Amino acid sequence: MKKGMVLEGGAMRGLYTAGCLDVLMENDISVDGYIGVSAGITFGCNYKSRQIGRSIRYNLRFLNDPRYSGLRSLLKTGDIFGADFCYHEIPEKLDPFDYEAFVNNPVELYTVATDAYTGKSVYHKFPNGMDNDIEWMRASSSMPGVSRAVKVDGYTLFDGGVSDSIPIEYFMSLGYERNLVILTRPRGYRKKEGKLNPVMKLMMRKYPALIPAMERRAMEYNRVLDLLDELEKEKKVLIIAPTKDLHVKRVEKDKEKVRAIYDLGVDDTRKRLSEIKAFFGY
C-alpha cells in the first residue's frame with residue numbers, strides 16, 4: 001500500500017504546511033510520494049530535499065523585499081511573486097536549494113497546474129527539481145489576474161488551484177491509497193460560490209475556457225472537502241488543518257503573522273504525531 005501526502009495551496013497560508021512538513025522531517029516520517037498545489041509545491045519541495053526550516057527562513061528574510069512579492073513586483077514583472085527572484089535568485093544563490101538531495105531522495109513528487117486554453121488540470125511528475133520542474137512549480141503558483149501564464153512543455157498554464165485545489169482523487173488514481181492531507185483552511189470551511197467579477201473576465205478574455213473553470217472553483221473545492229470527510233470516516237485519509245483561522249493576506253508583509261502561521265503548523269502536527277505514525281504504520 002502506497003503512502004502519500006496531498007498539500008493544498010493558499011499563498012502565504014502555505015507556511016502552515018511548511019511547519020507541518022518540518023515536524024514530519026524532524027521525526028523521520030516519510031511517504032512514497034506526494035503532490036503539492038501552488039504554495040503546497042513551492043514550499044513543499046523542501047520535504048523531498050530534506051531541508052528543515054528552509055521555507056520559513058527565506059520567507060522571513062525576504063518577506064519585505066520588493067523583488068519577492070507585492071505591487072511593485074506585479075507592476076514591474078507582471079507577477080505578484082517575482083518569478084526570477086523567487087525561482088532563481090533565492091534557490092540558486094541566496095538560500096540554496098539542495099538539488100542533489102532532491103534527486104537522491106526516492107520519494108515521488110507531483111504538482112498540478114491549469115491549462116489556460118482548456119481550463120483542465122495538467123499533472124507533472126518531477127524528475128530533478130531543475131530546468132522545466134522550476135517552471136512547473138511557477139505555473140502551479142501563477143494566480144490568474146496577478147501572474148503571467150507560464151509556458152512549459154507545450155502548455156500555457158496557470159495556478160493548479162483553479163482546477164484541482166486538493167488533488168486527492170488524482171493521487172488515489174495513481175495507487176496512493178493512504179494519504180495525509182494538509183489543508184490551509186480550518187475544518188468546516190467552505191468557499192462561497194459566485195460568478196467571476198467583470199474585471200477578471202476582461203483580464204482573462206484571451207483564455208475563454210479558463211473563465212468557467214474559475215467560476216466552478218468554489219463548487220468543486222467544496223465537493224472535494226465533502227469527499228475528504230467521507231474518506232476520513234473510511235480511514236483512507238488523515239487530515240491536518242489549522243486549528244484556528246489564519247488571518248493572513250495572500251501577500252503578507254507582517255513577519256509576526258507569517259511566523260505565527262508556521263508555528264501553528266508545527267504545534268498542530270506535534271500534537272498529532274502519534275496519530276500520524278499510527279496512520280502510516282510506524
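Can you tell me how many residues in the range 75-100 are outside any loop (DSSP other than H, G, I, E, B) and surrounded by fewer than 18 Cβ atoms within 10 Å (Cβ to Cβ)?
11
For the range 101-134, give me each residue that is closer than 27 Å to F62 by Cβ, free of Cβ contacts under 8 Å to residues at least 40 places away in the same chain and open to solvent by 20 Å² or more (accessible area, probe 1.4 Å).
Answer for the range 101-134, where residues must be closer than 27 Å to F62 by Cβ, free of Cβ contacts under 8 Å to residues at least 40 places away in the same chain and open to solvent by 20 Å² or more (accessible area, probe 1.4 Å): V103, H124, N128, M130, D131, N132.
Would you mention how many residues in the range 58-74 are in contact (Cβ under 8 Å) with a residue 40 or more places away in the chain and either of a type in the set (S, T, Y) or part of a helix (DSSP H, G or I) (or both)?
So the count comes out to 4.
Identify all residues within the range 44-57 that are free of Cβ contacts under 8 Å to residues at least 60 places away in the same chain, surrounded by 19 or more Cβ atoms within 10 Å (Cβ to Cβ) and among the charged types (D, E, K, R); write none if there are none.
Of everything in the range 44-57, just one residue is free of Cβ contacts under 8 Å to residues at least 60 places away in the same chain, surrounded by 19 or more Cβ atoms within 10 Å (Cβ to Cβ) and among the charged types (D, E, K, R), namely R54.
Output the residues belonging to the range 256-282 that are farther than 17 Å from T17 by Cα and among the basic types (K, R).
Correct list: K277 only.
For K235, work out the one condition from (1) outside any helix (DSSP H, G or I); (2) in contact with a helix residue (DSSP H, G or I) (Cβ under 7 Å, 6 or more places away or on another chain) it doesn't fulfil.
Going through the list (1) outside any helix (DSSP H, G or I); (2) in contact with a helix residue (DSSP H, G or I) (Cβ under 7 Å, 6 or more places away or on another chain), K235 breaks only (2).
What's the number of the condition R250 fails, among (1) within 20 Å of A113 (Cβ to Cβ); (2) open to solvent by 50 Å² or more (accessible area, probe 1.4 Å); (3) modelled with pLDDT of 95 or more?
(3)
Residues that are under 19 Å from I240 (Cα atoms), assigned to a strand (DSSP E or B) and not hydrophobic (A, V, I, L, M, F, W, C): does the range 157-166 have at least one?
no
Among (1) within 19 Å of K120 (Cα to Cα); (2) open to solvent by 80 Å² or more (accessible area, probe 1.4 Å), there is one condition V199 misses while meeting the rest; what is its number?
It fails just one condition, (1).
Is there a residue in the range 27-34 that is in a helix (DSSP H, G or I), in contact (Cβ under 8 Å) with a residue 12 or more places away in the chain and within 17 Å of the chain's Cα centre (by Cα)?
The answer is no; no qualifying residue exists.
Just to be sure I understand, how many residues within the range 174-200 are closer than 20 Å to S140 by Cα and either in a helix (DSSP H, G or I) or among the hydrophobic types (A, V, I, L, M, F, W, C) (or both)?
So the count comes out to 5.
The values are calculated or read from the model by the stated rules, or taken from the named source; none is laboratory data. None of the values given here were measured: they were computed from a predicted structure. Please note: Cβ atoms are built from the backbone with ideal geometry, for glycine as well, and neighbour counts cover all protein chains shown. Surface areas here come from the heavy atoms of the whole protein model, side chains and all, with no ligands, DNA or RNA. Shrake-Rupley method; radii C 1.70, N 1.55, O 1.52, S 1.80 Å.
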